[in-house]
């Protein structure tokens, strides 16, 4: 446990929900998709929240965003690969694997998502 401790990455397949209940009008205006993955991690329930924005602006003009949002909500297998990043044995960050998500949805349009915000929470976004 030193100042220069190494980052350890653990990968897990975790279930997710699509947040369409906190600020849907703002999300639609920004063409953003928010995903919350959840699991019992290191003895505690954790909720990992990630907001993505479509990086290709032309995809927002032809209603592609709404088609993508509907597709991710209707997906039957709502699991995605997540990289958990630890420092000094504590969860410090995470990364949702966009490539894995695109493969599961069989839709390369999801590769055009980029992270604009994230957080590690003790409560679900449904309960905040």
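Answer yes or no: is there a residue in segment 83-94 that is in contact with a helix residue (DSSP H, G or I) (Cβ under 9 Å, 6 or more places away or on another chain) and under 25 Å from residue 126 (Cα atoms). Within segment 83-94 (the criterion being in contact with a helix residue (DSSP H, G or I) (Cβ under 9 Å, 6 or more places away or on another chain) and under 25 Å from residue 126 (Cα atoms)), the answer is no, since none of the residues qualifies. Based on this model, can you work out whether residue 69 counts as touching a strand residue (DSSP E or B) at 6+ places or on another chain (Cβ under 8 Å), at pLDDT below 95, buried (at least 16 other Cβ atoms within 10 Å of the Cβ) and outside any loop (DSSP other than H, G, I, E, B)? Taking the combined requirement at face value, the residue satisfies it.
Condition first: under 16 Å from residue 29 (Cβ atoms) and either without any contact (Cβ under 8 Å) to a residue 24 or more places away in the chain or outside any strand (DSSP E or B) (or both). Now tell me which residues in segment 48-63 satisfy that. Spell out how you get there, then give the answer.
Kept after step one, since they are under 16 Å from residue 29 (Cβ atoms), are these residues of segment 48-63: 51-54, 57, 59-61, 63.
Hits for segment 48-63 are 57, 59, 60, 61, 63.
For residue 80, the conditions (1) farther than 19 Å from residue 31 by Cβ; (2) in a helix (DSSP H, G or I); (3) in contact with a strand residue (DSSP E or B) (Cβ under 7 Å, 6 or more places away or on another chain) are fulfilled apart from (2). Tell me, please, whether a residue that is crowded, with 17+ Cβ neighbours inside 10 Å and part of a helix (DSSP H, G or I) can be found in segment 10-25. No.
Only one entry of 114, 95 meets the criterion of being in a strand (DSSP E or B) and either touching a residue at least 40 places away in the same chain (Cβ under 8 Å) or under 14 Å from residue 33 (Cα atoms) (or both), and that entry is 114. For residue 43, state whether it is surrounded by fewer than 12 Cβ atoms within 10 Å (Cβ to Cβ) and either touching a helix residue (DSSP H, G or I) at 6+ places or on another chain (Cβ under 8 Å) or touching a residue at least 40 places away in the same chain (Cβ under 8 Å) (or both). Considered against the rule, which asks whether it is surrounded by fewer than 12 Cβ atoms within 10 Å (Cβ to Cβ) and either touching a helix residue (DSSP H, G or I) at 6+ places or on another chain (Cβ under 8 Å) or touching a residue at least 40 places away in the same chain (Cβ under 8 Å) (or both), residue 43 comes out as no.
The values are calculated or read from the model by the stated rules, or taken from the named source; none is laboratory data. Keep in mind that what you see is a predicted model, and the values were worked out from it rather than measured. When we count neighbours, we look across all protein chains shown, and the Cβ atoms used for this are built from the backbone with ideal geometry, even at glycine.
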